[in-house]
Structure formats: structure tokens, C-alpha cells
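What follows is a set of notes on a single structure, which appears directly below.
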Amino acid sequence: MNWETLLAPYTQAVDELKVKLKGMRAQYEYESMHSPIEFVTGRVKPITSILEKARRKDIPYADLEHHIQDIAGLRVVVQFVDDIRTVVQMLRSRNDFDIIEEKDYISRKKESGYRSYHVIISYPVETIHGEKKLLAEIQIRTLAMNFWATNEHSLNYKYSGQMPSEVKTRLKKAAEAAFQLDEEMSKIRNEIQEAQAIFRKKSDS
Ligand code: 0O2
């Protein structure tokens, strides 16, 4: 398999989607409004991770692109839980890609404690051989959910998926604390946003 050829359109998709999603944030800023988007990141899944997932899920090489939905991965991080819905609605209203599937791990968190909202899209990339539609995964989560998921991901990597049960228990407690943090911040959302609007005005003048 020629990985460079296979992954090139995914790199292009990630680059384009990063510009588009960051553009949404910039538009809010131009209009001096609170942006539901805090920051956007993106990556093409490393080859070792693709191979590991293919092995774990028993996916034949010829079918990698159909079954691994997150070769192109984007992450939209927001301040408040309600902002997730706003971002998902904005994604649903766009006409530059089709939504294939939505996975709501917020209403129903994963066994690990993981919370996030995933939108799987079919994204058209223009290549020199014509249009190629490929799958990309957009993960939308709060800063608190992101903090938890990043740390859990590092620990999973460290323990190669064989995490000691006391670490698992601590992570579950931390997930509950992150959930509580999101709840409390939502309750004082208006006050936080008023304070941020004052900062914005000050830095504009
Ligand atoms: P990486 O290193 O982020 O690329 P799965 O069978 O759960 O691996 P599936 O069914 O294809 O994946 O899709 P799902 O559940 O939507 O998960 C895809 C991605 O969501 C994962 O990619 C992670 O980025 C994130 N994710 C899902 N569950 C967890 C979790 O329990 N903890 C953390 N930290 N992230 C999670 P990869 O390929 O696992 O990893």
C-alpha cells in the first residue's frame, strides 16, 4: 500500500476543514460576538494508529477508508456544554459536506467516562484526478471534556490499554469532576460572558 498516496487527500481535507472551522470562529470575532468555538485542531491519523485500529477491528486493508472514519480528524473545543449544540447546528446547516452519522457521547458517556459529540462527514476533496469523497470525524467537546480526554488518552497510551484499576477509578472520578465543572460553569455562563465582552471591548479600543 502506498501510504503517501492514500493519505494525501486526507491531509488536504484536514487543512481545508481547519480553515473553514476556524473561519466560523473568526466571523463571530469580526461581529464582536461570543464565539461558541474556543479553538480548532486537526490531524491525520498516524499510520501506526490506522494499522492498530484495523487489527483491533479486523478490517481488511482494502476496506480501511470505508471503515476507519477518523483518518481525517478535527476537534472543535468550546467553553460551555450548550455551545456544542450551536456548533452541531452550524455543521448541519452547511452545504459543503454531508453528515453521515452523529455519535452523542454526551447524553450517554462511554464506559471509560469519555464525553464528546462526534459528527462523521463525507467531505469532497478536489484532486488532480477529480473529486474524491472521504470520511472525516469532527469531535466537539468542552474545555473540561478535552482536558479529561487528553489525559485519559495519554494514560491509555502509557499502559497500552491495560490500565490499572485504581487509575481507571481515579479517571472515572475525574470525569465526574469535569462534568460538575461544566454544570457549574453553565450556571454562571451569563456572568462569564458579560466579563468576556468587557475584555473584548477594552482590547478593541
Ligand atoms: P486517536 O488516537 O484519538 O485517533 P473505537 O472503536 O472506540 O476506537 P470508533 O468506534 O471508530 O472507535 O469511534 P468512536 O467511538 O467515535 O471513537 C473515535 C475516537 O474518539 C477515538 O479515536 C478517540 O479520539 C475518541 N475516543 C473515543 N473513546 C474514547 C475514550 O474512551 N477516551 C478518549 N480519550 N478518547 C476516546 P482513536 O482511534 O481511539 O484514537
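Just so it is clear, none of the values below were taken in a lab; they were calculated from the coordinates. What you see is a predicted model, and the numbers here were worked out from it, not measured in a lab. Here the Cβ is made from the backbone with ideal geometry for all residues, glycine too, and neighbour counts use every protein chain on show.
Observations
- Ordering P46, N95, S112 by Cα displacement along the dipole of the chain toward the positive end leaves S112 in first place; charges were set at the Cβ atoms of Lys, Arg (+1) and Asp, Glu (-1).
- Considering only N151, L181, A195, and ranking their Cα positions along the charge dipole of the range 119-205 that arises from unit charges at the beta-carbon of Lys, Arg, Asp and Glu, the one farthest toward the positive end is N151.
- Sorted by Cβ neighbour density within 10 Å, fewest at the top, the residues W3, W148: W3, W148
- Exposure proxy order (Cβ contacts within 10 Å, fewest to most) of V167, V76, V87: V167, V87, V76
- Exposure proxy order (Cβ contacts within 10 Å, fewest to most) of E101, E131: E131, E101
- Whichever lysines have a C-alpha closer than 16 Å to that of K158, once near sequence neighbours (fewer than 8 apart) are set aside: K168
- Sequence-distant lysines (8 or more away, or on other chains) whose Cα lies within less than 28 Å of K133: K18, K20, K22, K45, K53, K57, K103
- Alpha carbon convex hull of the chain, volume per residue in cubic angstrom: 145 Å³
- Share, in percent, of DSSP beta bridges within the chain that are antiparallel, nearest 5: 75 percent
- Taken about its Cα centre, the chain carries a charge dipole of roughly 540 debye when the Cβ of each Lys and Arg holds +1 and the Cβ of each Asp and Glu holds -1.
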